[in-house]
1. Could you say whether any residue in the range B:189-200 is open to solvent by 40 Å² or more (accessible area, probe 1.4 Å), of a type in the set (D, E, K, R), at the interface with chain A (Cβ under 9 Å from one of its Cβ atoms) and in contact with a Phe, Trp or Tyr (Cβ under 8 Å, 6 or more places away or on another chain)?
2. Looking at B:Arg105, is it assigned to a helix (DSSP H, G or I), open to solvent by 10 Å² or more (accessible area, probe 1.4 Å) and free of Cβ contacts under 8 Å to residues at least 12 places away in the same chain?
3. A:Leu158 passes all but one of (1) touching a strand residue (DSSP E or B) at 6+ places or on another chain (Cβ under 9 Å); (2) closer than 26 Å to A:Glu378 by Cα; which number fails?
4. Considering every residue within the range B:85-100, establish whether at least one is out of contact with any Leu (no Cβ under 7 Å at 6 or more places or on another chain), open to solvent by 10 Å² or more (accessible area, probe 1.4 Å) and aromatic (Phe, Trp, Tyr).
5. Mind listing just one residue for me: the one in the range A:258-269 that is facing chain B (nearest Cβ under 7 Å) and open to solvent by 10 Å² or more (accessible area, probe 1.4 Å) and, of those, nearest to B:Arg284 (Cα to Cα)?
6. Where residues in the range B:248-257 are in contact (Cβ under 8 Å) with a residue 24 or more places away in the chain and within 10 Å of chain A (Cβ to nearest Cβ), which of them is surrounded by the fewest Cβ atoms within 10 Å (Cβ to Cβ)?
7. If you check B:Ala225 against the conditions, is it at the interface with another protein chain (Cβ under 7 Å from one of its Cβ atoms) and aliphatic (A, V, I, L, M)?
8. Cβ-Cβ under 6 Å, sequence separation 6+ or interchain: first residue in the range B:65-93 and on the phi > 0 side of the Ramachandran plot, partner of a type in the set (Val, Ile, Thr) and buried (at least 24 other Cβ atoms within 10 Å of the Cβ). Which pairs?
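The values are calculated or read from the model by the stated rules, or taken from the named source; none is laboratory data. Owing to the predicted nature of the structure, the values given are computational and were not obtained by experimental measurement. Neighbour counts are summed over all protein chains in view; Cβ atoms, including those assigned to glycine, are modelled from backbone coordinates with ideal geometry. Remember, those area values only see protein heavy atoms, side chains included, never the ligands or the DNA or RNA. Shrake-Rupley method; radii C 1.70, N 1.55, O 1.52, S 1.80 Å.
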2 protein chains.
Amino acid sequence: MTEDSFRRMWSELLPVGRSAASGGYRRFAWNSADAECRAWFEEQARSRGLTYELDRNGNQWAWLGDPQGPGAVVTGSHLDSVPDGGAYDGPLGVVSSFAALDELRSRGAEFDKPLAIVNFGDEEGARFGVACIGSRLTAGVLGREQAYELRDADGVRLPDAMETAGYDPAAIGADDDRLARIGAFVELHVEQGRYLTEEHPVGVASAIWPHGRWRFDFHGEANHAGTTRVEDRRDPMLTYAETVLAARTKAQLAGALATFGKVAVEPNGTNAIASLIRGWLDSRAADEATLEYVVEEIRQAAYERGERDGVRVELTRESYTPVVDFDVPLRDRLAKRLGGVPVLPTGAGHDAGILASVIPTAMLFVRNPSGISHSPAEYAEETDCLTGVTALADVLEDLACE
Amino acid sequence: MTEDSFRRMWSELLPVGRSAASGGYRRFAWNSADAECRAWFEEQARSRGLTYELDRNGNQWAWLGDPQGPGAVVTGSHLDSVPDGGAYDGPLGVVSSFAALDELRSRGAEFDKPLAIVNFGDEEGARFGVACIGSRLTAGVLGREQAYELRDADGVRLPDAMETAGYDPAAIGADDDRLARIGAFVELHVEQGRYLTEEHPVGVASAIWPHGRWRFDFHGEANHAGTTRVEDRRDPMLTYAETVLAARTKAQLAGALATFGKVAVEPNGTNAIASLIRGWLDSRAADEATLEYVVEEIRQAAYERGERDGVRVELTRESYTPVVDFDVPLRDRLAKRLGGVPVLPTGAGHDAGILASVIPTAMLFVRNPSGISHSPAEYAEETDCLTGVTALADVLEDLACE
C-alpha cells in the first residue's frame, strides 16, 4: 500500500520541469515547473482530506488535525531544484512525508498532536541567489526589506516574481505565530555524500558543517596574448590556477572541503591576457576554527602567487553559515526509535538548518549509492527510499502519537 | 605641417566608438562606430582629392593616380578594434598613411606609380570570430561560402550585417584583379610588445610567428561542492588549473608564448563541482616545430593530471596560421632606406600577414613604451608616432617615386 502510494507520487512528479536536453530539473522559484509542483502538492493534501494552507511566505502546508497546534509535529522538505539538478534532492522528503502519513493511517495510528507536511519555497536559491528563502523568511533570518530587494538574473524582483505567479507578496516576513504552534520539525533528505551503506541506508543528522562562500578577485592587466613578453605580463589566470590547486590541497590536509565551481573572466577573449578574474570559493569544515584556518591558508597561497604574477588579490566573504547542531534530545529520540542507525554530519544547508535555530529540528538521510548530488545523475535505490518512508513513519508516530 | 595633419586626424578619431565606462574602443565590424570611422576615411580621401573606392569586400581605398595600377604602392591598416581595445592598434597605421602622403606632397614628391591608402574591414574579428575578414576575402583565403555562414553572438549573419550597414554583400569573395594591380603593400602598426627602444622607435618586421588556438575540453562530473567526498570527486577545475600553469612553464622553457585567456564553465554554480570546463589556449612560437612541441607538452600535462582527477581531456585545434615570412627584398629595401633600424618578428596576426602570401608585403612597427596592447591602456608617444610617419613617407617615396 505504502509502496504503491510512494511509486504513484514519484511517477507523477518525475516529468515535471525536467529538461529533455540535460535530463536534469529546472524547477526554480515561481517558474512554471514550480507552479506544477505546487499544484501537485495541493492536490496531495486535498485528496487525503488534509487542510491545505499557503503561508505568508509562499510555503505550502497540509494539516492533519488543528493547524493552530500547539505542539504540532511537522515534516516535509522542498520541491524546487538547482539548475539541472536531480529528482531526489527535496522531492524525496515531500513524497516520503505523504507516504509516511499513508503508512501511519494504514497502521491505524491515533494522533495526539496535529501533524503537518510542508513544502518550503525556493530552498535551492537558484533564481535569487539566496538559499532557503521560504524558511529564512519564516524564521526571520531573512528580513522583509532584504527579500524585497532580491533580483533574479533578468532583474525581476522577488515580490514581482511572486505576484506574477499569482501569490501576494504583501505579507512576507517573520511568522512567529506559526513557529509557536510547532513542537518539532523533521526533514527527510537524500544523502549528498556517500557515508550511508547498504546495511544502514537511513541515518540521523548530527550537525550541519559551518560553510561559506568567498569571492577572490584577481586584478591583472589586459594585454595581447601573442605579443606581450612573459616578463611584461600580469596574468591573473595563473594566480587563479594556483589558488584552485591550493584550495584542494589545503582543505584535504585539514579534512575539510574547498571548491572553486564558478569563475568569471574579463574580457574573456582567446587572444587577450585577462584583466580580471573572479573565482568563487565554497568551503566547509567540521568546525568553524578549521574552516577559518583553511580559508586563511588558501588566501595566503593566493596572495603569495599574486606577488609573483603582479596580480592584486582581493578576498570578500559573500556568505557564512555557522555550525548548526541539531536538537540533541530530538536527535537522540529519533536514533533510539530507529535502533542504532548512523548519526552523521552533513556539509549541505537545508531548511532544517534554518529552522534549527528557532524550533527543535532533526533530519533523516537516505542512502545515495553514488554520492552524486546537484546533478541529473543523482540517484537513490527505491528499496532505500521505502526504508526511509518507514523510518519517517516510525519517528512521526513516536512524536505525534505519544 | 605633417605634425598638424597627424594631430588633427588623431583628435578626430579619438572619441569615435570609445566607451565612457572602460575608456576602451568598441569599433566592431559594421556597427555604428565602424560606420563613423568609415565616413571619416572617405572624408580624408575626398578632402585630399584622392579617388575614393569601396571594394567588393567592404574595404576602403583612397587612390592617388590610376586605381588600375599596375605596380601600385599601397599602405594602410584597419580602423576596427577588439572589445575595449586601445586607440593605436589599426588607426595609427591609417592616420600615419594619410600623414605620410601629406608629408610627401609637402616634399614635392613626384610619383611614378599609383599610391593607395587602404582601410581593411574587420581586422580584429571581434564580431564574427575570424580575424582579417576583409583581407582574407580579398586574398581568397576565406571563401565566399564560409563567410556567408559566419554569425555574430546574436546570430546575425555576416552578409546581413553588411546589408544592414548599407553595403552590398552580393559580390564578396576573392579579388584577384585588384591584387594584380598592386606592386607592394606596407602596413605601419603600433608594436604590441616591448622590443623597440627610445633610440630605435621604428622597426621593420621580419616574420609573423606561427600561431594557433586550441580548445581543451575537461569533462568531469557535476556534484555538490559541500557534501561530495574528495575521493568521489571528478573536478575538472583542478585539471584546468594544472594545465594553465603548465602552459606558462612549458612555453617559457621553449621561448614561446602560451596563454589561457578564455574559459567557459558548466554549470558555473558556486556550490557545484563543475561538469565541464572549456579552456582556450593561444600559443605562438618563432617556428612551427617549437609551437608543435609546446602544445604537445601542455597536452601531456593536461592528460596526466586528468588521469589523477578522473577527468577526460579532449583537445581540438580551432585555428592555425603557419609562419609568415615577409618578402625579403622588400624588407631589406625598407631597412636599408631607414638606415639600420631593428628587424624583428611579431607574434600578432595582421592584414599584412594575410596579403604576404599573394603580394610583396612589409610592415613597420612603432614603439609601444609599455608593451600594452588590446587594452584601453595601449599607448604610444607622439614623437615616436611622428618618427613613424617620416619613416613611412621615406619608404613610400622610395617605392613610388623611383
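1. No: zero hits.
2. yes
3. A:Leu158 satisfies every listed condition except (2).
4. Yes, there is a match, as at least one residue in the range B:85-100 is out of contact with any Leu (no Cβ under 7 Å at 6 or more places or on another chain), open to solvent by 10 Å² or more (accessible area, probe 1.4 Å) and aromatic (Phe, Trp, Tyr).
5. Only one residue fits best here, namely A:Gly269.
6. B:Gly255
7. Here the answer is yes, as B:Ala225 does meet what is asked.
8. B:Gly76/B:Val94; B:Gly76/B:Ile117; B:Gly76/B:Val118
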